[in-house]
Amino acid sequence: MKRRCNVYIIWIVGLLFIQQFISGCATTVTKDLHKEDLYRQDEQKEEMDLIGQKLFRNKCSICHELPEIDAYPYTPEQWSSIIDIMHDTKAAKKFITIEETEKIKGYLGRLTQTR
Ligand code: HEC
């Protein structure tokens, strides 16, 4: 009887150990997944910024020199309305589509977010 008891205890300790090990693994996996998500979001933002930057350089220099972003004190909202005004002419609509203005707004908005 005494020996049996010992076997049970060893079993229980062993199971607890395995359980700890498995739950430890599970949390590291979820943490890694979360990190990967954040990383992917960053990557997507960078990609959007690259697209926005390219559009800004190409499209906003058609009628005038490329505006020097830092030379204007505009907030993201003000940039947004300026882009709307720029875009709201027949001439501009030939050069810039609505989708492109949205991407340029996103780019300038993120650049000037801290204002
Ligand atoms: C169809 C031609 C055209 C395009 C395309 C255009 N602009 Fe302009 N933009 C103008 C004109 C014309 C003025 C001058 C208006 C004025 O001085 O009153 C101007 C002036 C500006 C100014 C100065 C405004 C101020 O407050 O002094 C900024 C900033 C500007 N544009 C930004 C942009 C940005 C950003 C884009 C790209 C989304 C863009 N523009 C695309 C025609 C255009």
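Taking 7 Å along the Cα-to-C-beta vector as the label spot, tell me the Arg115-Ile51 distance in nanometres, rounded to one decimal.
In this crude label model, Arg115 to Ile51 measures out at 2.4 nm.
So if the hydrodynamic radius of the chain is defined as the Kirkwood radius over C-alpha pairs, what does Stokes-Einstein give as its diffusion coefficient at 25 °C and 0.890 mPa s, in µm² per second?
Details: Rh = 18.5 Å.
Once the numbers are plugged in, D ends up at 133 µm²/s.
If the chain between Asp88 and Ile18 were fully stretched, how many nm would it gain, using 0.36 nm times the residue separation less the Cα-Cα distance?
On the way: separation 70, 0.36 × 70 = 25.20 nm, distance 6.61 nm.
Once the chain is fully extended between Asp88 and Ile18, it gains 18.6 nm.
So what is the calculated 222 nm ellipticity per residue for the chain, using -39500 (n - 2.57) for each DSSP H run with n of 4 or more, over all residues, to the nearest 500 deg cm²/dmol? Mind showing how you got there, number by number?
Details: 4 runs with 90 residues, N = 115.
Rounded to the nearest 500, the figure is -27500 deg cm²/dmol.
Compute the acute angle (0 to 90°) between the alpha-carbon long axis of helix 98-111 and the principal axis of greatest extent of the alpha-carbon atoms of the chain; round to the nearest 10°.
The angle comes out at about 70 degrees.
Full-extension gain between Cys63 and Tyr8, please, as 0.36 nm times their residue separation minus the C-alpha to C-alpha distance.
Working it through step by step, the gained length comes to 11.4 nm.
Readers should treat all values here as calculations from the given coordinates under stated rules, not as data from a laboratory. Just so we're clear, the structure is a prediction, and the values are computed from it rather than from any experiment. Note that we place each Cβ from the backbone using ideal geometry, even for glycine, and neighbour counts take in every protein chain shown.
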